[in-house]
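Chemist: Below you'll find the structure I mean.
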Amino acid sequence: MRLITTSLLLLLLSACSFDQILVRASTPMIEGGINALNRETDLELAEDSIPTNIQLLEGMISMDPDNAKLHTYAAQAYYGLAFGFNEDLRQERASSFYIRGLSHGITALELMGAHNIKVGTFADFEQQINTLTADNIAAMFWTASNWAKWIDLHRDSAESLAQLPRPTAMMQRVLELEEDYYYGGAHMFFGVYYGSRAPALGGNFKKSREHFDRAREITHNKLLMPDLLQAQYLARQQLDHDDFDKRLNKVLNAPDDLYPELALLNQIAKRKAARLLQTRQSSEWF
């Protein structure tokens, strides 16, 4: 029995380096760090801490490059840094972070068995996405999120817009597998998707409202992001000034302790709402 146990241990060590063992033993700490960051109410402190956490993640990935979970965490981290702290005032910087997040997300999906995510035919892409399961939801969600936001920042480029069906199909798969994943994030995605375009260009205002309403239901009206995004995209597309102002003021006036588990996201929503209102009041925005 000792000989068998020793042999199995040697096989384990040969298949997995000491660095990989160390990294994988530390992985649960990442989830704890994400939960702690989500509870942070100080935006400046959060912004200062995220780059350090990303560098730690990148270091862990260099030690264990075939770890799909680490690449997924990195995709999430770059998205948060871009959307929460750079997109409004430093779009080029945000764009570069979305690209980094997309790269990590695609790597995670490739490690899970999907290939040619960006370069294969769309038919092949759809076939691969439809074979992914609940175990792949996080990688799909953060890949699609980074991809779609990068496209949104480059919406004047036909080449960029031509890529939109891929993250859309990926997020549709997330919706099919687990509609309430990441606080109804897929519903918010489709709220923006259908609300940000005129009906003649594929928009659907009724579907947009339905997705935003479902996102609010999933989070029991405690997450402010659905109202922020509905104002920013749907109300603006409809030229509905009253709804725009009403929703953003609702976000601004919400209590800071509305959703302690997601205090950071709500603080980000409040800052974005203030900026949107200021922009509208100081210019002929729409």
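Chemist: Hey, among the residues in the stretch 51-75 that are acidic (D, E) and surrounded by fewer than 18 Cβ atoms within 10 Å (Cβ to Cβ), which one's nearest to the chain's Cα centre (by Cα)? Break it down stepwise before answering.
Modeler: Filtering the stretch 51-75 for residues acidic (D, E) gives 58, 64, 66.
Next, only the ones that are surrounded by fewer than 18 Cβ atoms within 10 Å (Cβ to Cβ) stay: 58, 66.
On the way: E58: 18, D66: 21 Å.
My answer is E58.
Chemist: I would also like to ask the following. Within the stretch 140-155, how many residues are in contact (Cβ under 8 Å) with a residue 60 or more places away in the chain and surrounded by fewer than 21 Cβ atoms within 10 Å (Cβ to Cβ)? Quick ask: steps written out before the conclusion?
Modeler: Restricting attention to the stretch 140-155, the residues satisfying the condition of being in contact (Cβ under 8 Å) with a residue 60 or more places away in the chain are 142-143, 145-146, 149, 153.
Next cut, surrounded by fewer than 21 Cβ atoms within 10 Å (Cβ to Cβ) only: 153.
Residues in the stretch 140-155 being in contact (Cβ under 8 Å) with a residue 60 or more places away in the chain and surrounded by fewer than 21 Cβ atoms within 10 Å (Cβ to Cβ): 1 in total.
Chemist: Just give me the residues in the stretch 121-139 being buried (at least 17 other Cβ atoms within 10 Å of the Cβ) and closer than 12 Å to E176 by Cα, in sequence order.
Modeler: I129, L132, I137
Chemist: Are there any pairs, at least 6 apart or on different chains, whose C-beta atoms fall under 7 Å, with the first in the stretch 76-98 and polar (S, T, N, Q) and the second assigned to a helix (DSSP H, G or I), and if so, which?
Modeler: Q76/W142; N86/R93; N86/A94; N86/F97; Q91/L153; S95/W150; S95/L153
Chemist: Would you confirm whether or not the stretch 219-229 contains a residue that is surrounded by 14 or more Cβ atoms within 10 Å (Cβ to Cβ), over 30 Å from L132 (Cβ atoms), aliphatic (A, V, I, L, M) and more than 17 Å from the chain's Cα centre (by Cα)?
Modeler: No, there is no match, as no residue in the stretch 219-229 is surrounded by 14 or more Cβ atoms within 10 Å (Cβ to Cβ), over 30 Å from L132 (Cβ atoms), aliphatic (A, V, I, L, M) and more than 17 Å from the chain's Cα centre (by Cα).
Chemist: Enumerate the helices (runs of 4 or more DSSP H) found wholly within the stretch 49-137, keeping only those where 1 or more residues are in contact with a Gly (Cβ under 6 Å, 6 or more places away or on another chain). Show your work before the answer.
Modeler: Working: elements: 68-85, 91-111, 122-131.
Of the helices (runs of 4 or more DSSP H) lying wholly inside the stretch 49-137, those with at least 1 residues that are in contact with a Gly (Cβ under 6 Å, 6 or more places away or on another chain) span 68-85.
Chemist: When you go through (1) in contact (Cβ under 8 Å) with a residue 60 or more places away in the chain; (2) surrounded by fewer than 22 Cβ atoms within 10 Å (Cβ to Cβ) one by one for L258, which number turns out not to apply?
Modeler: (1)
Chemist: If you go through the stretch 175-188 one residue at a time, do you hit one that is touching a Gly at 6+ places or on another chain (Cβ under 8 Å) and either free of Cβ contacts under 8 Å to residues at least 40 places away in the same chain or buried (at least 22 other Cβ atoms within 10 Å of the Cβ) (or both)?
Modeler: First, pick out the residues of the stretch 175-188 that are touching a Gly at 6+ places or on another chain (Cβ under 8 Å): none.
No: the stretch 175-188 contains no residue that is touching a Gly at 6+ places or on another chain (Cβ under 8 Å) and either free of Cβ contacts under 8 Å to residues at least 40 places away in the same chain or buried (at least 22 other Cβ atoms within 10 Å of the Cβ) (or both).
Chemist: Okay, moving on. For A158, work out the one condition from (1) surrounded by fewer than 19 Cβ atoms within 10 Å (Cβ to Cβ); (2) aliphatic (A, V, I, L, M); (3) in contact with a helix residue (DSSP H, G or I) (Cβ under 9 Å, 6 or more places away or on another chain) it doesn't fulfil.
Modeler: Single failed check for A158: (3).
All of the numbers you see were taken from the coordinates with simple rules; none came from a lab. Note that this is a predicted model, so its numbers are computed, not measured. Note: ideal-geometry Cβ built from the backbone for every residue, glycine included; neighbour counts use all protein chains shown.
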